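Report on the following structure.
The values are calculated or read from the model by the stated rules, or taken from the named source; none is laboratory data. Computed from a prediction, not measured in an experiment: that's the story for all the values here. Positions of Cβ are generated from backbone atoms using ideal geometry, with glycine treated the same way; all protein chains shown enter the neighbour counts.
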Amino acid sequence: MKALTIRQPWAQLIVIGVKDVENRTWQTRHRGPLLIHAGLRVDRQEEQWYRHLLADEEQEWPDPLPTGAIVGAVQLVDCVTASDRDWFDGPYGWLLDKPLAFEASIPFRGRLGLFEVPDELIAEFKDDIADLWAHWDELEAENGDQEAP
């Protein structure tokens, strides 16, 4: 499954459904499920601001924020150069839907750009991300009666 590394606190804001656009300087043709990997660096000033803002709304916020790990998944629905969405800043906006925050983050080393994460690493979240990723059915069909990774 494809993944994208995003600095905290924005990775957390994406998987809890607050941030619905990821701004990039490059476009992508990828559409479909996308794992969100939290990078190692955290913008502490922004993190404190969002922590306080979301506390007023009784939104759960992990303490500390996970870093160097896959924290959830979204559906990447489009890549645009203009949008009415509040989070759009361009030049390219990756429009996100169906956010899912994992109960436990998965330690994993991120990379630049889109990168692949082995299926077996995220297998424990199969049921959680089933509506994002039809690939599980294909794997099960290929493996016969064996359970997908």
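Would you say Glu116 is more than 14 Å from Asn23 (Cβ to Cβ), of a type in the set (D, E, K, R) and without any contact (Cβ under 8 Å) to a residue 60 or more places away in the chain?
Details: more than 14 Å from Asn23 (Cβ to Cβ): yes; of a type in the set (D, E, K, R): yes; without any contact (Cβ under 8 Å) to a residue 60 or more places away in the chain: no.
Judged against the criteria, Glu116 is not a match.
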Seminar exercise, completed: Only unsatisfied item for Thr25, checking (1) at pLDDT below 95; (2) more than 13 Å from the chain's Cα centre (by Cα); (3) of a type outside the set (A, V, I, L, M, F, W, C), is (1)
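Evaluate the following for Lys126: is it of a type in the set (Lys, Arg) and under 13 Å from Arg31 (Cβ atoms)? Even if it seems obvious, please write down each step before you answer.
Values: of a type in the set (Lys, Arg): yes; under 13 Å from Arg31 (Cβ atoms): no.
Criteria not met by Lys126.
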